[in-house]
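Novice: Quick one: the structure is below, questions incoming.
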Amino acid sequence: MRGARQARLESGNRLEVQIEAGLPTFYADVPRLETVIRNLIENSVKYGGEKAFIQVQVNRQSDTVVFRVMDDGPGIPPEKSERIFERFYRLDDSLARVTSGAGLGLAICQGLVRAHKGEIWVESTNAGACIAFSIPLNLYEAGDELL
């Protein structure tokens, strides 16, 4: 991440990154994708706590590249999984009350992903949380402006 602000991890956090070998080149606004990934990692730290295990996976699925940020924290209740992308929405539980933030991070992530013609969603997990987003491989065509 050239010159980008790094995601802040706690000393007890573990971060594992898995990138599928042989991913094709795709066109994207790198600083904006870094913003999305950084925000998702910081949310994992915030809600997963000082000993959170965080995984970032990047792989190809059909005509998209899919990024997943997973943690072993308390997770996201299924009934709230769509609302977390709304501006100013925060989970209403004791964990959300002890963390800072205005509830804009995931809404911003959604806007940046959609600007890339991608999608962002919560994936169901047995434990913890997983937020995934996809970026189409054919985002850029000759003559198109990127974002």
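The values are calculated or read from the model by the stated rules, or taken from the named source; none is laboratory data. Keep in mind it's a predicted model, so treat the numbers as computed, not measured. Cβ coordinates were reconstructed from backbone atoms using ideal geometry, including for glycine residues, and neighbour counts include every protein chain displayed. Keep in mind that these areas ignore ligands, DNA and RNA; they rest on the heavy atoms of the full protein, side chains included. Shrake-Rupley method; radii C 1.70, N 1.55, O 1.52, S 1.80 Å.
Novice: Cβ-Cβ below 6 Å, separation at least six or inter-chain, first residue in the stretch 101-114 and over 13 Å from Glu42 (Cα atoms), second open to solvent by less than 30 Å² (accessible area, probe 1.4 Å) and at pLDDT 90 or above: which pairs?
Specialist: So the pair list comes out as Gln110/Ile120; Leu112/Val36; Val113/Ile120; Val113/Phe133.
Residue-wise test of (1) at pLDDT 90 or above; (2) of a type in the set (Val, Ile, Thr); (3) part of a loop (DSSP other than H, G, I, E, B); (4) open to solvent by less than 20 Å² (accessible area, probe 1.4 Å).
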{"residue": "Ile108", "(1), (2), (3), (4)": "yes, yes, no, no"}
{"residue": "Trp121", "(1), (2), (3), (4)": "yes, no, no, no"}
{"residue": "Ala127", "(1), (2), (3), (4)": "no, no, yes, no"}
{"residue": "Cys130", "(1), (2), (3), (4)": "yes, no, no, yes"}
{"residue": "Asn138", "(1), (2), (3), (4)": "no, no, yes, no"}
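For (1) open to solvent by less than 40 Å² (accessible area, probe 1.4 Å); (2) within 11 Å of Ala129 (Cα to Cα), each residue gets a yes or a no:
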position: Glu16; (1), (2): no, no
position: Ile19; (1), (2): no, no
position: Pro31; (1), (2): no, no
position: Glu34; (1), (2): yes, no
position: Thr64; (1), (2): yes, no
position: Gly75; (1), (2): yes, yes
position: Lys80; (1), (2): no, no
position: Arg83; (1), (2): no, no
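Novice: What do you reckon, is Leu40 closer than 29 Å to Pro77 by Cβ and surrounded by 18 or more Cβ atoms within 10 Å (Cβ to Cβ)? It would help to see each step written out before you state the result.
Specialist: Working: closer than 29 Å to Pro77 by Cβ: yes; surrounded by 18 or more Cβ atoms within 10 Å (Cβ to Cβ): yes.
Against the criterion (closer than 29 Å to Pro77 by Cβ and surrounded by 18 or more Cβ atoms within 10 Å (Cβ to Cβ)), Leu40 qualifies.
Novice: Run down Gly143, Gly103 and say which single residue is at pLDDT below 95 and within 18 Å of Pro77 (Cα to Cα).
Specialist: Gly103 is the lone residue from the list that is at pLDDT below 95 and within 18 Å of Pro77 (Cα to Cα).
Novice: Show the residue pairs that are 6+ apart or on different chains and have beta-carbon atoms under 7 Å apart, the first residue being within the stretch 62-91 and at positive phi, the second being at pLDDT 75 or above.
Specialist: The qualifying pairs are Gly75/Thr125; Gly75/Ala127; Gly75/Gly128; Gly75/Ala129; Phe88/Leu104.
Novice: Please go through the stretch 1-23 and give me each residue that is modelled with pLDDT of 90 or more, touching a strand residue (DSSP E or B) at 6+ places or on another chain (Cβ under 8 Å) and assigned to a loop (DSSP other than H, G, I, E, B), ordered by number.
Specialist: Correct list: Glu20, Leu23.
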